[in-house]
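Data first, discussion second: the structure below is written as structure tokens.
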Amino acid sequence: MPAASSRSARSATGGSSARSATGGSSARSATGDALLRLAAPIVFGIVALGLWQLAVGAADARTPSPFGIGARFGAQFGAIWSASIGTATNALIGLVVGTLVAVVWALLCANARWLEELGNPLVTALSVVPLVSLAPVFYAMFDSSLQTGRIIVAAIAAFVPVFFNTLRGLRTVLPIHRDLMRAYAATGWQAARTVTLPGALPFFFTGIRIASSITVISALVAEYFGGPVTGIGNAITTAVSSSDYALAWAYVLGAILTGLVFYVVTYVLEVLATRHRTTE
Amino acid sequence: MRRVRPWLLGIAGILLLALLWEGYKAVMPVEGWVVNGVTILPRTSPQAMPHIWDIVARALEPETRAATALPLWVAMLKAAALTLGLAGAGWAIGVAVGLLLATLMQRFRTAESALLPWVILSQTVPLIALAPILKRSLSQVHIGAFTWQGWMSVALIAAYLAFFPVSVGALRGFGSPEKAHLDLMRAYGMGWWRTFLKVRVPASVPHLLPALRLAAANAVVGAVVAEVSTGLDGGIGRMIITSAQTGSADPARMWTPIIGAVLIGLVAAGIVGIIGAALRRYRRREATA
Amino acid sequence: MRFDTKELPEAVPAVRVAGASKTFGRKAKAVRALEAIDLDIRAGEFVSLIGPSGCGKSTLLRLIADLDRPSAGSIEVFGKPAAQARLDQEYGIAFQQAGLLPWRTVAGNLALPLELHGVPHAERNERVESLASLVGLADFIDHYPDQLSGGMQQRVAIARALAEGPRLLLMDEPFGALDEMTRERMQAELARIATATGAAVVFVTHSIPEAVFLSDRVVVMSPRPGRITGIIDVPFGDERPELLREDPAYFELVTAVREALHGTPVVRAEEV
């Protein structure tokens, strides 16, 4: 569940100037630097995969090799695809529903502090408790032969980061912008449209980016707690119980790719939405 | 009045939820609100939504019909304690590994370039999903007299989910000191390690604390779910599943362990909150009075 | 006593800059911040560096402090290379932002250099108390930086720079963020302390009156690439009372510095 992108983590370290006090001309050239940034993780990954491949020869059949998994993935692609679509659909619906509710509630709370305090116990509880443990409740309340329970779990999982980040965004109007709106005698709605909402947008997208992969994993894990036997989670359990480990890992690969797709799409949306801004 | 208001409203919020619950039950029909065969709003049968007093009453009764059974709420607390312990162990390991990685990445630019993308990618792997596989593989491990126990797999999964926010938050924090502070240490002739200890580590606290909180929440989720997928006995996860399976016969029962899971999350967050209070000094800013 | 400023043979200059220049970036994006700087600063002398933004005065200070390396030329502090001088802790430094560590009290911040360099506990406490009294903050010794005003924070920063009784003080616009009244008070403080400790001071500033009030010599620098375009002597000696600010001789020197900065003589109103 990536909670921060490499971009934001990297920008916080700020390159060489934060690392050492001797700023100015660095020993490496700019292109050499970029090459290192790109090459290092790839080299590391290849080495790790290579070691894995070698180690498998020595270990037991329970740990399939990277090649074995890749082969299985290709062979069973159709089944993996439909299982992934199942989990992804739940995650997507949950993401949309959770985001909508989060935005509405954040807008209400930004304007009425007492509302936020009223909802605080519930929202705080939702942010620290294992949501998937609530899955049986939802399966009981709604039809356990349908996907609804999983979607609700995914929706709540999406709600939490989107709500907190959006609320923060709505609250961080720069005082200078607020004063400007007042000097223009702008109405509440005008101020919101020109300053508050655009200002909150980057925070909103950060929230969605965080929520994206969380919803996929929540939808997946909710499959362990009951409901219909569809989706990647159930596929993995089935594969494991028939000791078909290569297939299980192939499904895991499917889960990783699904999570990545969600993350990349929301990341791209975030970049598109914030490309003209100078401050973070 | 201003300081008390959030608390009062908070309690009011909880009571409001209870009222909504019972109110909904009183008003809505048993099958909920069904549109085209899809249940949009929940059902109100005793199986789906037991009365709040029924839940409480069930909690006080013995867990099972066995003669030696403990009251449900006692059994729940025992299971919760076990899970909390596992989550805590996982959290501690995850924090240690996360800090170690962040220190390494702060020290060596190459390490940061090489490792950070993989650290981020690691979180797209649903290790929870791998739990059954992991358990089977690791149960083969024998080093001398040491045998890998089932609970260790759970702690490991919790640790895996905890280390990511800590390493990203710590790395960010280690890179956050003001240039003036770093220049100062250099002017004092201090090398990397002493600068790290005296300036980078203290400066990282405001970034680290939210990360620790997130790691605690993740560790709890990891522990609960891993218990379910590895089939570990005695924890809250197992209890939830067992109770859910008797759902139609004993509907109020599964609510108690679920509340137990909620409690674990709250306690974990509370512990991190206490750590944050102890580190208050390091959260001060340089802004003038 | 350990922290008294040592006497030096007159011959060894506090700072000797020989042909130093500094370029940032490379090739097409190269920025030549400093060009062929030659400057000698005697022991105990108070020298200001003044010039428009981007003239490299802060860069020069950083080179002396060995916080950056020169692209060409050399820098010596008390006869040693700058890097060695830094390791030997031959100078104290104060920046424009006070740079106090927010999680340490005033006492903790003052003690920082002493802690780092292994001064024993009892001696440390004694020194911290005398430093706090020196800048008039003895009553605030257990306060945190966010409980102090900007001027007070800056005083702590200056006291901290003096913690180990250095023979050289490097200061980069330390009063830049303060209001004018506080600024003038701090200038008087600094002048008094510099005289009392006998330390040499290299002082970067934007303010012409400030430079003239404090210094023995004012070094005027040109816009990028930074060169020394003039050095003006300020023969007011060690004593700098507040009345000096109203002395005609003071105003003349301020004008002289202004003219040197503009490169042309300033036309006075009554001479038009």
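The values are calculated or read from the model by the stated rules, or taken from the named source; none is laboratory data. Predicted model only: the values in this text are computed from it and were never measured. Every residue, glycine among them, receives a Cβ derived from its backbone with ideal geometry; neighbour counts consider all protein chains shown. Each accessible area value is taken on the protein alone, full model and side chains, heavy atoms only, with ligands, DNA and RNA left out. Shrake-Rupley method; radii C 1.70, N 1.55, O 1.52, S 1.80 Å.
The table below lists the values:
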read-out	value
Residue count, segment A:137-151 (criterion: over 10 Å from B:Ala48 (Cα atoms), facing chain B (nearest Cβ under 8 Å) and of a type outside the set (A, V, I, L, M))	1
Failed condition for C:Leu110, given (1) assigned to a loop (DSSP other than H, G, I, E, B); (2) not assigned by TED's automatic domain parsing to the domain that holds C:Met186	(1)
Residue match in segment C:85-104 (condition: more than 10 Å from chain B (Cβ to nearest Cβ) and part of a helix (DSSP H, G or I))	no
Single residue of B:Pro210, B:Pro202, B:Pro177 found to be in a loop (DSSP other than H, G, I, E, B) and touching a residue at least 24 places away in the same chain (Cβ under 8 Å)	B:Pro177
Condition broken by A:Ser144, with the remaining ones in (1) in contact (Cβ under 8 Å) with a residue 24 or more places away in the chain; (2) closer than 28 Å to B:Ala252 by Cβ; (3) part of a helix (DSSP H, G or I) satisfied	(3)
Complete set of residues in segment B:46-87 that are more than 14 Å from chain A (Cβ to nearest Cβ), within 30 Å of B:Ala216 (Cα to Cα) and open to solvent by 30 Å² or more (accessible area, probe 1.4 Å)	B:Val56, B:Leu60, B:Glu63, B:Leu70, B:Pro71, B:Trp73, B:Val74, B:Leu77, B:Lys78, B:Ala81, B:Leu82, B:Gly85
Residue within segment B:136-144 that is closer than 30 Å to A:Val240 by Cβ, out of contact with any helix residue (DSSP H, G or I) (no Cβ under 8 Å at 6 or more places or on another chain), facing another protein chain (nearest Cβ under 10 Å) and hydroxyl-bearing (Ser, Thr, Tyr) present	yes
Every residue from segment B:18-45 that is exposed (fewer than 13 other Cβ atoms within 10 Å of the Cβ) and either among the hydrophobic types (A, V, I, L, M, F, W, C) or in contact with a Pro (Cβ under 7 Å, 6 or more places away or on another chain) (or both)	B:Ala18, B:Leu19, B:Leu20, B:Ala26, B:Val27, B:Val30, B:Trp33, B:Val35, B:Val38, B:Ile40
Subset of segment B:211-237 that is closer than 14 Å to B:Pro132 by Cβ and not polar (S, T, N, Q) - its residue that is nearest to the chain's Cα centre (by Cα)	B:Val225
Positions within segment B:218-254 being in a helix (DSSP H, G or I), open to solvent by 30 Å² or more (accessible area, probe 1.4 Å) and touching an Asp or Glu at 6+ places or on another chain (Cβ under 9 Å), in sequence order	B:Arg238
Any pair with Cβ under 7 angstrom, 6 or more apart, that starts in segment B:182-198 at a residue that is more than 7 Å from every other protein chain (Cβ to nearest Cβ) and ends at one that is charged (D, E, K, R)	B:Met185/B:Lys198; B:Trp192/B:Arg107
Subset of segment B:259-288 (residues that are over 25 Å from A:Thr124 (Cα atoms), open to solvent by 40 Å² or more (accessible area, probe 1.4 Å) and touching a residue at least 40 places away in the same chain (Cβ under 8 Å))	none
The one condition in (1) of a type in the set (Phe, Trp, Tyr); (2) facing chain B (nearest Cβ under 9 Å); (3) over 19 Å from A:Leu134 (Cα atoms) that A:Tyr267 fails to fulfil	(2)
Residues that are in contact (Cβ under 8 Å) with a residue 24 or more places away in the chain and in contact with a Phe, Trp or Tyr (Cβ under 9 Å, 6 or more places away or on another chain), drawn from segment C:27-49	C:Val31, C:Arg32, C:Ala33, C:Ala43, C:Phe46, C:Val47, C:Ser48, C:Leu49
Residue among A:Ala185, A:Ala192, A:Ala200, A:Ala211 that alone is over 29 Å from the mean Cα position of the chain (by Cα) and away from chain B (no Cβ under 11 Å)	A:Ala185
Among the residues listed as B:Thr256, B:Thr230, B:Thr246, the single one being more than 10 Å from chain A (Cβ to nearest Cβ) and closer than 29 Å to A:Pro121 by Cβ	B:Thr256
Helices (runs of 4 or more DSSP H) wholly inside segment C:173-272 containing at least 3 residues that are open to solvent by 10 Å² or more (accessible area, probe 1.4 Å)	C:180-197, C:248-262
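Every residue, every condition in (1) assigned to a helix (DSSP H, G or I); (2) modelled with pLDDT under 90, yes or no:
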position	(1), (2)
C:Met1	no, yes
C:Lys6	no, yes
C:Glu10	no, yes
C:Ser21	no, no
C:Arg32	no, yes
C:Leu39	no, no
C:Leu49	no, no
C:Leu63	yes, no
C:Asp68	no, yes
